Amino acid sequence: MNDEEIEIISSSADLNEVGKVLKDFLKNNENVFTFPLLYEENRRVILWTALFQRLQQESSEKIHDLCLAVIRILSRDKTELDSLVCEKWITTLIERGGLYNFVSVEDETNSPLDMPNKEIVVEALKCLCNIAFNSEVARALCAHTSIDQALIGRLRVYKDIPFKEEVMLYDMKLLFILTALRQDIKKKIKDVLHGMDYLISGLNELLLEATLPETEANASACAIDEQSHYLLQDSHQGIACEILKTQFNLIIHSGSDEPVDEEEEAMYLKLMPVLAALLCAQATSEAKLMELHINIANLLTSVPPMFYSYLTPELTVGEVCQHEFEGRNMDALEALVQLLHHRLESTAGTKNQYEDLSPILTVMVKSARGCRAQRKWLRGRVLPPLRDVSRPPERGRTTRNQLCRLLTTPVTAVRDLVAEFLFVLCKEKVGRMVKYTGFGNAAGHLAQKGLLGGGRGAQYSSSSDDSDTEEYLEAAPHIDPVVGCTRPPRADPFEGMTEEQKEYEAMKLVNLFDRMVSEGVVKPARVGPDGRPQPIEHVMEFREHVPNRPQS
């Protein structure tokens, strides 16, 4: 934008002329994120000032939406944005976003007031999102103007506000940014404004609006499961995802090992049934559904395990569900299993294993540890009874195969989560873990836990629900426990050799091993009393203590 165009915006009385300049700028810069030409001769400051002066003039209301759209584009450039924004401009955007009508959430008689038209409100909220994301000064000014109170106030009356889907989407985006980047705002929303309660109510409202009549549900069988009661449209799905991300910000530091007070317990008891309902909902596409489930999984990582049982409530008389186990509705847990499989498929061979897999794996571990029925269901889905043992456990496309491949990934955090998940599903029995993964894949995890000499978890019931198939029992004598599968018969490498040749080959092997040890390539070790490997100085030390045989 040149000096002449900036001058038109600043001083022209012809709103049509100003509007043309603004429209041309928007058309030419729709996908631009930096504006180096504006850094020269103070053009940027002059342009921003002119735009906000127009916003403060009621006579220019005709072009307010265009001014806000230009500010939205300009606010993408974070260069020296901190020195540019001021409190007056932030309050102008808050006013144009209709937020000043909702400052008092304590006033029970407060009701939605008239707001500017939809385009102005939505553009103002987009501007606030961009500026708050790119400027620490802007976030501090937002805290000073009590915008957090206004956002919660508008959330409280969500169902009554005009054009609520568009408004609430950007309200929640802004709330997510502020709670992620301002600790004082996060603390105020959580402890003073009781934001979690209103966010949970917001999710409930979305589910109520997404409820389908029985006839409509049957007519939409191609897009929605027969047993599902909810179909989230894209606007509702977007709002739900932003609410879930904001909730994650509010409880992320709670810590699953810290004691839960009565207020937090009541909050979790309200939250978990809503998350279970969202996991059972459908979306307009698989990508939208996976995005929703990913955000739910992220939030569940901060929920204490004691509340996981509420994801799979007991069925009442006459109630039906798609996946039932031991009298419980397992639909929500099945959705999480599908998410795990989807993430394993989509991250195979990528560099984003930790970011993509750690949340859902953490949820799986906490679910398996926190609820016996969920552990048994997960075991049946992830580690079904073995039938074909002709291939190594890491070869194939089943969930078990993909998890076993990750037992040797260089991403140690993912490897440890996968190993812990499988170990818990095996009731922390070494023999069962080796059976499903092979000793070679499980050795690292067993060494960390001091279980190389065998052992089992003590916190599980003694009764076993393991059922070996006829195929497995028939092949069991021929299974190599190191690789976890059968191996075809091999020719005897010593066949046709004389005793002298055999002795010569054996001495070559001894000398090679001695050379590797002396040069530090390998270091021999034995299993110590604590079940962990301990280095030895001489091979004869192997004879001093014979390690225990693995127990099942």
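Within the bounds of the range 336-351, is there any residue that is among the polar types (S, T, N, Q) and either crowded, with 22+ Cβ neighbours inside 10 Å or touching a Lys or Arg at 6+ places or on another chain (Cβ under 6 Å) (or both)?
Checked against the condition, which is being among the polar types (S, T, N, Q) and either crowded, with 22+ Cβ neighbours inside 10 Å or touching a Lys or Arg at 6+ places or on another chain (Cβ under 6 Å) (or both), the range 336-351 yields no hits at all.
Taking helices (runs of 4 or more DSSP H) that do not extend beyond the range 24-100, which have at least 3 residues that are in contact with a strand residue (DSSP E or B) (Cβ under 8 Å, 6 or more places away or on another chain)?
Once the helices (runs of 4 or more DSSP H) in the range 24-100 are filtered for at least 3 residues that are in contact with a strand residue (DSSP E or B) (Cβ under 8 Å, 6 or more places away or on another chain), nothing remains.
Which of the following residues is hydrophobic (A, V, I, L, M, F, W, C), assigned to a helix (DSSP H, G or I) and modelled with pLDDT under 85: Ala443, Ala419, Ala413, Ala475?
Going through Ala443, Ala419, Ala413, Ala475 in turn, the sole match is Ala475.
Can you name the residue in the range 502-521 that is of a type in the set (D, E, K, R) and assigned to a helix (DSSP H, G or I) and is also nearest to His538 (Cα to Cα) among such residues?
Taking the candidates together, the pick is Asp514.
Restricting attention to the range 348-362, report how many residues are under 16 Å from Thr412 (Cβ atoms) and more than 14 Å from the chain's Cα centre (by Cα).
Looking only at that region, the number is 1.
Based on this model, can you work out whether Pro359 counts as under 26 Å from Cys280 (Cα atoms) and either without any contact (Cβ under 8 Å) to a residue 40 or more places away in the chain or among the aromatic types (Phe, Trp, Tyr) (or both)?
It is false that Pro359 is under 26 Å from Cys280 (Cα atoms) and either without any contact (Cβ under 8 Å) to a residue 40 or more places away in the chain or among the aromatic types (Phe, Trp, Tyr) (or both).
Report whether or not Thr312 is of a type in the set (S, T, N, Q) and more than 15 Å from Lys376 (Cα to Cα).
no
The values are calculated or read from the model by the stated rules, or taken from the named source; none is laboratory data. Remember, it's a predicted structure, so these values are computed and weren't measured experimentally. Using ideal geometry, Cβ is built from the backbone for each residue, glycine included, and neighbour counts are taken over all protein chains shown.
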